[in-house]
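The block underneath contains the structure these notes are about, expressed in structure tokens.
All of the numbers you see were taken from the coordinates with simple rules; none came from a lab. Keep in mind the model is a prediction, meaning the values are calculated, not measured. FYI the Cβ positions are ideal-geometry reconstructions off the backbone, even for glycines, and counts take in every protein chain you see.
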Amino acid sequence: MRFPIWGLAVGMSVCSAALAEELPVKKTLPLEVARQMGAAAQKHAGENMWNVCIAIVDDGGHLIYFQRMDGAQTGSVVVSQRKAQTAIGFKRPSKLFEEGVAGGRNALLGLPGAVPLEGGLPITVDGQMIGAIGVSGVTAQQDGMIAQTGIDALPEILKGK
């Protein structure tokens with residue numbers, strides 16, 4: 001039995017349309033939003049004369065935005081990215097790993113890809129984690145404050161869109 005090609009195409013498009021209705025909508029982190037978050041974090045760091053590296057990654061841990069402020073140590077280039085990757089990969093602030101290690105849970109040091117230092121925070125919009133920010137260059141607590149400034153800027157950034 002032979003079926004016309006157009007019949008197959010119509011059947012496939014109807015099936016695709018039905019399947020598409022069932023798929024969830026995924027939010028993404030646009031570059032411009034990442035830039036504005038990074039600028040807010042950089043402003044806070046600059047006001048305190050803290051020279052840091054700021055990294056923002058997407059929900060897969062891939063770098064979207066990066067800035068190394070003048071005078072920031074070169075070791076912080078990778079550390080800032082790893083803090084952001086820790087936050088998105090484990091869906092929690094990197095500070096929780098630091099606190100766990102400080103509390104004696106040394107097994108956390110063996111988790112692949114986990115950096116147990118404050119300064120990595122997930123970026124969440126409407127309950128969806130869309131990326132993370134990581135900061136490195138000063139104390140872990142100061143890195144965390146800078147990262148939080150980037151997160152805190154997000155609602156205003158999204159209002160302006």
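Tabulated results
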{"item": "Members of region 136-145 found to be within 15 Å of PRO116 (Cβ to Cβ) and surrounded by 24 or more Cβ atoms within 10 Å (Cβ to Cβ), listed by number", "result": "SER136, ASP143"}
{"item": "Count of region 54-64 residues which are surrounded by fewer than 24 Cβ atoms within 10 Å (Cβ to Cβ) and assigned to a strand (DSSP E or B)", "result": "3"}
{"item": "Considering residues of region 123-135 that are crowded, with 23+ Cβ neighbours inside 10 Å and of a type outside the set (Val, Ile, Thr) only, the residue farthest from ASP59 (Cα to Cα)", "result": "GLY134"}
{"item": "Enumeration of residues in region 85-116 that are surrounded by 22 or more Cβ atoms within 10 Å (Cβ to Cβ), among the aliphatic types (A, V, I, L, M) and closer than 17 Å to GLN141 by Cβ", "result": "ALA87, VAL115"}
{"item": "Candidates ALA72, ALA41 - the one that is assigned to a helix (DSSP H, G or I) and either out of contact with any His (no Cβ under 9 Å at 6 or more places or on another chain) or within 21 Å of GLY127 (Cα to Cα) (or both)", "result": "ALA41"}
{"item": "Residues of region 24-38 classified as surrounded by 14 or more Cβ atoms within 10 Å (Cβ to Cβ) and in a helix (DSSP H, G or I), total", "result": "6"}
